[in-house]
Amino acid sequence: MKVLILCHSFNSLTQRIFVELKKDHQVSVEFDINEAVTESAVNIYNPQVIIAPFLKRKIPPSIWRNYPTLIIHPGIPGDKGPSSLDWAIMNEEKTWGVTILQANDEYDSDDIWDFETFDLPPNIRKSTLYRKQITEAAIRCLKTTLLGLEKGERPISPEEIKGTYHPPMKQIDRAIDWEQDSTDQIIRKLNASDSRPGVLDTLENISVYLYHGIKEEKLTGKVKEVLGTKDDAICLGTKDGAVWITHLKQKGELTLKLPATDILPISKEVATTFSEIKYKQIGEIGYLYFDFYNGAMSTDQCTRLLREYQNALTHKTKVLVLMGGEDFWSNGIHLHKIENAPSPAEESWENINAMNDLVEAIINTTDRLTISAMRGNAGAGGVFLALATDYILAYQGVVLNPHYKSMGNLFGSEYWTYLLPRRIGKFRAKEITDRKQPMGVSEALHLGLIDQTFSATDEIQDFAFNLSFDETYPKKLQYKQQGLNEDQLKRPLKKYREEELEKMRLNFFGFDPSYHVARYNFTYDVPHSRTPKHLAVHRGLNYEGEF
Ligand code: COA
């Protein structure tokens, strides 16, 4: 079918739909910038179906009257309103779901194509729920719906489902009552508000939005007092314990979401169970977890991770598994920290060098085998970080963006000019970095960008375990050492780094401001003015899209 994805931005759900539907359908994307632009896209493309995974305004009747227009609603049948997930978490629903609706004059209409329900895990963050459970269920429902549409079926409007409208959740609904709320209640409010809009509060006389609450296991102290800091997060006392807040954003125009201690410059390092980086060992297999918020890796985080990586190498293991974070594997250098730095160019330089040091250490690990286990999405330098290990496993729903160019034509580093052709060949390396599109795991597997997919974390352990007991393990290790030596003889690794950094120097310090502009737009969430050319296929080759 000819499918048009109409969306506010190309977010994770939209990207996943794009990669899944592209397998069987002709898919193009248009950003819903305004009515005229959207109408023109529909007129040019004349799609058989429009899919709206993520919109911020109503679809014009001129569109839904003339084209079947499917809306993905992140709620159970009958649920209505723009804060579905927020209310589901806040109300501690046990079951939640996704519904595919056909657009009509109501915002969340009653015409249902398909729906799926699932158990709502306790303590889940809204953004995790959206990226995992909602996305998985939406893909399955969407595929069923498209089959139904192809067969000429119609949506149903079941009478027994009574609609429940939930109003937009306001800050007053999210507000923490520090004297009354338990740690669990506080975390629930934060979970329902993450990654947006956060919970508005006042800390040290500054109005801030709080993000990402994690329960502290040991520390206790005065309510709302900063009890300690760790990994740029702050620990606040609650009536029955304490909570870590990892990120803050000052209220007001043009402010950035940043690690908490960047907003409240407090340094009170404490011993705690909370840590972004954790090492675990089972037998001869080491697991290094690095759960960085949004997968962004600042200079400090890269340095800390390198230190922990080197530490992990001091433990006697045969296999070291890099586990990344649960939500994201890695999204490369930390654009928000860079944007906030006194000299973004200098900070970009420091950050990419810190990333490179980490990648270099992984490539040069020749005394054991290494695995990247991508449990969440990865973008830009984050993808190439994974390529530094010997094996790459990816969760079956992961979306990869193995390219840098969408960030203001950034050349990229992380030894990608060595790592990517080594895995998939020069020709394909050029093709995927130029086309700037997201990639699903089936394509990544087919290309050889990854080695295996998994649907449960046990499979990571099984893979590592089998590798460590494989009778060819010593041979594998020997090939690895030989391979690296031969590669170094052909062209020393440092040459790749130097050449990449020469180009990056121009991106950071040169006359062309594209990277700085793109980073500004990204970090301040500036609305798109046009759909990028590589997504709006229907607009043809002569279309000058947003970069
Ligand atoms: N630095 C800082 N924050 C980042 C980030 C980065 N490198 N990559 C993603 N984020 C943040 C976003 O700002 C967003 O924040 P919020 O939800 O707290 O407001 C969050 O992560 C999720 O990002 P989003 O774009 O919504 O995720 P997605 O899954 O829809 O899209 C990408 C994935 C990879 C396409 C997109 O995040 C991206 O382009 N990231 C930048 C990659 C990059 O250019 N890195 C630098 C070069 S190495």
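In table form, for the structure just shown:
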{"item": "Residue tally, condition in a loop (DSSP other than H, G, I, E, B) and among the charged types (D, E, K, R), over the stretch 335-371", "result": "2"}
{"item": "Unique residue being more than 18 Å from LYS405 (Cβ to Cβ) and of a type in the set (Gly, Ala, Ser) when the list is GLY510, GLY483", "result": "GLY483"}
{"item": "Some residue of the stretch 471-479 being in a loop (DSSP other than H, G, I, E, B), among the hydroxyl-bearing types (Ser, Thr, Tyr), in the same structural domain as ILE338 (by TED's automatic domain parsing) and over 25 Å from ASN356 (Cβ atoms)", "result": "yes"}
{"item": "From PRO438, PRO421, PRO402, residue being within 16 Å of the ligand (Cβ to nearest atom) and touching a Lys or Arg at 6+ places or on another chain (Cβ under 9 Å)", "result": "PRO438"}
{"item": "Odd one out for TYR289 among (1) farther than 27 Å from GLU204 by Cα; (2) in a helix (DSSP H, G or I)", "result": "(2)"}
{"item": "In the stretch 344-376, the residues that are farther than 23 Å from TYR479 by Cβ, within 12 Å of the ligand (Cβ to nearest atom), buried (at least 23 other Cβ atoms within 10 Å of the Cβ) and among the hydrophobic types (A, V, I, L, M, F, W, C)", "result": "ILE352, MET355"}
{"item": "Residue satisfying condition, being more than 26 Å from the chain's Cα centre (by Cα) and modelled with pLDDT of 95 or more, within set ASP458, ASP487", "result": "ASP487"}
{"item": "Residue under evaluation ALA341, criteria (1) within 29 Å of LEU506 (Cα to Cα); (2) touching a residue at least 24 places away in the same chain (Cβ under 8 Å); (3) within 13 Å of the ligand (Cβ to nearest atom), criterion not met", "result": "(2)"}
{"item": "Spans of helices (runs of 4 or more DSSP H) in the stretch 113-201 with at least 3 residues outside the structural domain of LYS94 (by TED's automatic domain parsing), surrounded by 13 or more Cβ atoms within 10 Å (Cβ to Cβ) and touching a residue at least 60 places away in the same chain (Cβ under 8 Å)", "result": "183-191"}
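A quick yes/no check of all residues on (1) more than 20 Å from THR135 (Cβ to Cβ); (2) within 16 Å of the ligand (Cβ to nearest atom):
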| residue | (1), (2) |
| --- | --- |
| CYS7 | no, yes |
| THR14 | no, yes |
| ALA41 | yes, no |
| ILE50 | no, no |
| ARG57 | yes, no |
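The values are calculated or read from the model by the stated rules, or taken from the named source; none is laboratory data. Values in this document were obtained by computation on a predicted structure and should not be read as measured data. Cβ coordinates were reconstructed from backbone atoms using ideal geometry, including for glycine residues, and neighbour counts include every protein chain displayed.
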